[in-house]
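Structure record follows, encoded as structure tokens.
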Amino acid sequence: MPDRCDLDLAISLDLSNSVADAQLEQAKAALTALAEDLQGYPVRLALHNFASDAPATADASNQALPLTALDAEGISLISSHVADLQRPASGAGGTNWDRAFAAVTSAPETYDALLLVTDGNPTQYGSPAQGPGSSTDVATINAAVTSANALKAAGTRVIPIGVNDNVTGAGLVEFRENISQVSGTVEGSDYYVGGFDALRQTLVQIVNQNCAEIDLQKSAQLAAGAYGYAGDTVEYSFAVTNTGAVTLGSVTLVDQLPGLSEITFGQWPAAAGVLAPGESVSATATYVLTSEDIARGYVENTASVTGTPPAGDPVADDDDETVPVNPSSSISLTKTGALSEGATGAAGDLVSYQFTVTNTGAVPLTSVSLTDEMPGLSEIEFGSWPSQPGTLAPGESVNATATYVLTATDVDAGLVDNIASVTGNPPSGPPVEDEDEDEQPLPQTPSIELVKTAALAADATGRVGDVVTYSFLVTNAGNVTLRDVTVTDQLPGLSAIVFGPWPAQQGVLAAGESVTATATYSLTQADVDAGRVDNTATTTGTPPQGPSVSDEDDETVTISPTPAIELVKTGNLAAGAAGVAGDRIEYAFTVTNVGNTTLTGVTIADELPGLSEIVFSQWPAQAGVLAPGESVEARATYALTQADVDAGVVNNHATSTGTPPSGPPVQDEDEDEQPLPQLPQLTLVKSGSLAEESTGVAGDLVEYTFEITNVGNVTLTAVDLTDELPGLSAITFGEWPSLERVLAPEESVVATATYTLTQADVDAGQVDNTASATGTPPSGPPVNDEDDETVPVPQGPRIDLIKTGALEQGAASGVGDQIRYSFTITNAGNVTLSGVELHDSLPGLSQIVFDAWPAEAGVLAPAESVTASATYTLTQADVDAGQVHNTATTTGNPPSGPPVDDEDEHEQPVPHVPAIDLVKTGALEAGATGTAGDLVIYTFLVTNTGNVTLDGIVLTDELPGLSAITFGEWPGAAGSLASGESVSATATYPLTQADVDAARVDNTATVTGLPPQGDPVSDVDDETVPVEAVSAIQIVKTGGLGSDATGKVGDLVTFTFTVTNTGSTTLRDVVITDELPGLTAITYGQWPLSPGTLAPGESVVATATYALTKEDINAGEVNNTATVTAVPPQGPNVTDDDTTRVEITPTPSPKATEPLPSTGAANTVGLALVALTALALGGTALRLRKARA
């Protein structure tokens, strides 16, 4: 339930037959009073009801009342609804918790909690209702638990309120057990049990747990000026806060500390003793310390606060506080420092220190002394002491001074840091001491200075590559040492800067120190073109603290220019030209900048008539621009005329011009004389490719084409073509330009042939071969040419693996069952694969066995396959996992290139069949007779009957009084059973009288276990242990005359009856009967338990009286029989009787003083004899004699 007061609560009221009319009225009154009690609470109530169904009837008056606010209107509505609630017919008056929970779950509104008010155990479930109707069975409570869990899952807490007026004894134990199953095990929190008369208070208590709360905070301190001695005052402060959601009245604060003053409250927020939610009130009290407090060292006590909410019991809180009391001694030192006036923080400056010593304790201090171990510190001089030197009373202080001369190390550190210590002696105990540290900052002014100079080397001419030498002078111009001193110069191409000797440590300059460095630089073209080199150097140094300091200096070096240009012209007949008319001469021009400055506007001029436009190739940088040493090439062509051929030479001049950065243009010229040679020549171009739609497999065709061209300047005859490739078809020529086997200059002929690929070609990845062509010029030896051709054959090495697996036929997915794996490896490429292997890393897999290979083992030609197989035995881990997952990999080596591989994974499902079995047996302990207290020995055998491991195995038996269940040795880990494993357990149970009376003990045990996946599995087993009961009863009857009885008519005989239960079962309706006419009613004495009931071994005594009659005296005895009967728990009634005889003996009358009158002589002798006989007997005597019937 949420931890707040603004709650939406549902109450479901039990209207079953077992709720008496008066009890129902009590419940109605409690609900109405609850609404009135909670008026103003931020709580809403909804009312439901149930019996065999929910609502208990279909009448409008029994329909659920939705959430209703507890204002005046809502209270009236709740009161009216409660008053109109109707009982169901007796046939529908069962107790159906299942429907009660389901009705609340299906309500169109949600609740923070359901308060289920019920007076008995559930007897029905479902709709329409089913179940025992008069008792609770497993199905009934399971249905209730399921519905309660569904309601909880919707966010509603279930709080049963068991009204126990109608449930007692073992029924009440069962009642608590059932309630706890739908809520929780803690009475007073998860559920409540009480009578109808306490219902109202219980409901209010539940609400107040969230709504009514109070908080107390207590603090204490010694009064100002108090040191913690006897007689000093402790001041207490109390803060009381209403931390709940309803107003609290009668707020009371108590503190039982003896001697504490009266607690005084501050201003209340409104009325005294009343706190609204969130309001607080403060209070104070004082206490005078005693010598006992001082001896103890502290004062400890607890205060308590209570407040009464609008309804229900008061709420309370307490807080304790401990005040230490121990007079203390202490001393304080404050140390400060500063540079003397006019000091700048340089070495030799003075630092002035001030010390203040104060007695901060509660006792005077003597022998106060001050020390400071700083090397170089002057002597410490004290100022005026408050009284005697070296002595300080509590609160007194004394000042002292000292000075210190700064060193260079201090300045570099940027501070002077040291610690002073003070000590003093209290009246008793060890000295007290204190120390203070002063960190005196020193101003640091780091600075560095750079001077840079430069000059060309003595033999330098101002050309690219000439060396400039730079010098750098670095000086520490600050007041602190600089470290990591460096010089950098971003001039591209500058050499490493080399330092000269350092004053001390490398990279370190003390204030005022200097170091020199040098570097060299080779001139670039840009420098020469610019006529100068400008650059800047930077020096940096790291002071002891703060950022680095730096300085820079620039320098300019002047350079003199010398511009110049050069032209080289060459000419050649174009490739294939034979020197005939129309052939072209290809001219090449090379222009080079041979000066030291860049030239712009570079051009070439050539006046040869018929020369083509001169075309420049790639310029080194920008078109028309050449840096010193750079060149550019240009080309032009010229078509030979017959006159050129007749002359046998072509002769002409070209001129190059360029403009330097300053001054007039520069130029150069060159001439070329071109001879025209006789050049017979032919060329052969051979090409080949796979035929269209060929894929590069053995049997595919390669198509070759040959082109022969006369590239000379004379006609060739007897032109022929040969190719030695084995298997090549005949070479077929196409159409000749004129005569067969004759080619004029620039004429060509084409020929073709074909070739069929072999597997060796495919495995090689190519077909290599060479063709040769020949031709005869008009004069001179034949000319020839050859061309080789490589036709690539695409290699597509590939290997495929298909892996399958299945459980062996008949396997049940248990440990030891086998999976059979099959593997098929196929060469899916176009080249032969060798070294074919198959690997599977599944631990426990058998050796992989190959079937027959197509040819050589480990070798597969394209499209060939091989199969293999292996087996694997399931482990418990596999079964628990529900699958076996593994991957196989195959590899093969193509003729070239890396190996190829493929893998295939297989996941073999292993069905989970979790199951658990419980076998429970029980028997009376050897020698037991079936009486209360005898032990029943229970044995439990738990077996994992599934195929997966079960963990978290729990065995429960709800039999009240059963001992703890003790497990025997587990096969493995406690609480865990592998498939097929078992564990046994035992428990004992002492028979109760109820068990003996029932002649049996019935109970059920449940075992649950958690499989690797899915819901827990469980099993139950019930056991009935018969108890051989013996029912028997005994009566003992005695009787006698009273002590003053004389045996006359009317004397009383008192009979005593002792009845004993001599069996082992409880007997009820015990009745004594005695048919003696005239016997008074039999009066029973005190019964051991309840009237008419005797437990085994118990007895009861009864009495009755009887007045003697004349017939009894005449008979000389009273003889009669008493009978006792009783009803055992089972079987026929038991009975016993006992007969008692009370003998009566006549007693003579008092002695005669006169003769008896005689009425006739004949009677005198007879009467005398009678009289004498009577006297001789001496009166009447009674004797009792008992005889068992």
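Among the residues making up segment 686-712, those that are closer than 29 Å to residue 636 by Cβ and either among the basic types (Lys, Arg) or in contact with a strand residue (DSSP E or B) (Cβ under 6 Å, 6 or more places away or on another chain) (or both) are 709, 710, 711. Which one is nearest to residue 896 (Cα to Cα) among residues in segment 835-861 that are in a strand (DSSP E or B) and touching a residue at least 24 places away in the same chain (Cβ under 8 Å)? Result: 835. Looking across 910, 884, one residue alone is closer than 24 Å to residue 811 by Cα, among the aliphatic types (A, V, I, L, M) and modelled with pLDDT under 90. It is 910.
Checking each residue in segment 509-523 for being crowded, with 16+ Cβ neighbours inside 10 Å and over 20 Å from residue 451 (Cα atoms) picks out only 523.
Could you tell me whether residue 1061 is touching a Ser or Thr at 6+ places or on another chain (Cβ under 9 Å), crowded, with 16+ Cβ neighbours inside 10 Å, in the same structural domain as residue 1117 (by TED's automatic domain parsing) and at pLDDT 90 or above? Yes; evaluated as a whole, the condition is true for this residue. Residues in segment 244-254 that are out of contact with any Lys or Arg (no Cβ under 8 Å at 6 or more places or on another chain) and crowded, with 16+ Cβ neighbours inside 10 Å: 244, 246, 247, 248, 251, 253.
At least 2 residues being farther than 20 Å from residue 420 by Cβ and touching a Leu at 6+ places or on another chain (Cβ under 6 Å) is the threshold, and among the strands (runs of 3 or more DSSP E) wholly inside segment 271-376 those reaching it are 280-288, 298-308, 315-324.
Considered as a group, the residues in segment 692-727 that are more than 20 Å from residue 768 (Cα to Cα) and outside any strand (DSSP E or B) include one that is nearest to the chain's Cα centre (by Cα), and that residue is 693.
Here is a yes/no grid of residues against (1) loosely packed, with under 12 Cβ neighbours inside 10 Å; (2) at pLDDT below 90; (3) assigned to a strand (DSSP E or B):
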residue	(1), (2), (3)
459	yes, yes, no
462	no, yes, no
470	no, no, yes
474	no, no, yes
480	no, yes, no
487	no, no, yes
491	no, no, no
496	yes, no, no
503	no, no, no
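Collect the residues in segment 1075-1094 that are part of a loop (DSSP other than H, G, I, E, B), hydroxyl-bearing (Ser, Thr, Tyr) and either under 16 Å from residue 1057 (Cβ atoms) or without any contact (Cβ under 8 Å) to a residue 12 or more places away in the chain (or both), keeping them in residue-number order. Selection gives 1080, 1090. Of the listed requirements (1) at pLDDT 90 or above; (2) surrounded by 22 or more Cβ atoms within 10 Å (Cβ to Cβ); (3) outside any loop (DSSP other than H, G, I, E, B), residue 122 misses just one: (3). When segment 1-28 is filtered for residues that are farther than 14 Å from residue 113 by Cβ and surrounded by fewer than 17 Cβ atoms within 10 Å (Cβ to Cβ), the ones remaining, listed by number, are 20, 21, 22, 25. When segment 850-897 is filtered for residues that are farther than 16 Å from residue 801 by Cβ, over 36 Å from the mean Cα position of the chain (by Cα) and among the hydrophobic types (A, V, I, L, M, F, W, C), the ones remaining, listed by number, are 852, 855, 857, 859, 861.
In segment 1035-1048, is there at least one residue being in the same structural domain as residue 1110 (by TED's automatic domain parsing), surrounded by 15 or more Cβ atoms within 10 Å (Cβ to Cβ) and in contact with a Gly (Cβ under 8 Å, 6 or more places away or on another chain)? So far as segment 1035-1048 goes, yes, one or more of its residues are in the same structural domain as residue 1110 (by TED's automatic domain parsing), surrounded by 15 or more Cβ atoms within 10 Å (Cβ to Cβ) and in contact with a Gly (Cβ under 8 Å, 6 or more places away or on another chain).
On the stretch given as segment 1039-1068, residues that are within 12 Å of residue 1138 (Cβ to Cβ) and in contact with a Leu (Cβ under 8 Å, 6 or more places away or on another chain) total 4.
Residue-wise test of (1) more than 26 Å from residue 833 (Cα to Cα); (2) of a type in the set (Val, Ile, Thr); (3) in the same structural domain as residue 832 (by TED's automatic domain parsing).
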| position | (1), (2), (3) |
| --- | --- |
| 847 | no, no, yes |
| 851 | no, no, yes |
| 863 | no, no, yes |
| 878 | yes, no, yes |
| 884 | yes, yes, yes |
| 892 | no, no, yes |
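Could you check how many residues of segment 491-508 are under 29 Å from residue 533 (Cβ atoms) and not hydrophobic (A, V, I, L, M, F, W, C)? Number of matching residues: 6. Once segment 203-229 is narrowed to residues that are touching a helix residue (DSSP H, G or I) at 6+ places or on another chain (Cβ under 8 Å) and in a loop (DSSP other than H, G, I, E, B), the residue that is nearest to residue 30 (Cα to Cα) is 228. It is to be established whether one or more residues within segment 764-785 are under 30 Å from residue 840 (Cα atoms), part of a strand (DSSP E or B) and in contact (Cβ under 8 Å) with a residue 60 or more places away in the chain. Taking every residue of segment 764-785 in turn, none turns out to be under 30 Å from residue 840 (Cα atoms), part of a strand (DSSP E or B) and in contact (Cβ under 8 Å) with a residue 60 or more places away in the chain. Within segment 966-985, is even one residue under 18 Å from residue 1024 (Cβ atoms), among the acidic types (Asp, Glu) and outside any strand (DSSP E or B)? Taking every residue of segment 966-985 in turn, none turns out to be under 18 Å from residue 1024 (Cβ atoms), among the acidic types (Asp, Glu) and outside any strand (DSSP E or B). Here segment 82-101 is the region considered, the condition is being farther than 23 Å from residue 158 by Cα and not polar (S, T, N, Q), and the residue that is surrounded by the most Cβ atoms within 10 Å (Cβ to Cβ) is 88. Of all residues in segment 39-53, at least one satisfies being within 45 Å of the chain's Cα centre (by Cα) and loosely packed, with under 15 Cβ neighbours inside 10 Å.
The set of residues from segment 653-677 being of a type in the set (Ser, Thr, Tyr) and either touching a Gly at 6+ places or on another chain (Cβ under 7 Å) or in a strand (DSSP E or B) (or both) comprises 655, 656, 657, 659.
Here the condition is being part of a strand (DSSP E or B), modelled with pLDDT under 95, aliphatic (A, V, I, L, M) and crowded, with 18+ Cβ neighbours inside 10 Å; of 942, 1001, 948, it holds for 1001 alone. Show the residue pairs that are 6+ apart or on different chains and have beta-carbon atoms under 8 Å apart, the first residue being within segment 558-587 and touching a residue at least 24 places away in the same chain (Cβ under 8 Å) and of a type outside the set (Lys, Arg), the second being surrounded by fewer than 13 Cβ atoms within 10 Å (Cβ to Cβ) and not in a loop (DSSP other than H, G, I, E, B). The qualifying pairs are 558/532; 559/532; 581/642; 587/570. The residue that is surrounded by the fewest Cβ atoms within 10 Å (Cβ to Cβ), counting only those in segment 917-939 that are in contact with a Pro (Cβ under 8 Å, 6 or more places away or on another chain) and farther than 16 Å from residue 986 by Cα, is 933. Using the structure shown, decide if residue 922 is under 17 Å from residue 998 (Cβ atoms) and not assigned by TED's automatic domain parsing to the domain that holds residue 816. Against the criterion (under 17 Å from residue 998 (Cβ atoms) and not assigned by TED's automatic domain parsing to the domain that holds residue 816), residue 922 qualifies.
The values are calculated or read from the model by the stated rules, or taken from the named source; none is laboratory data. Note that this is a predicted model, so its numbers are computed, not measured. Every residue, glycine as well, gets a Cβ built from its backbone with ideal geometry; the counts of neighbours run over all protein chains shown.
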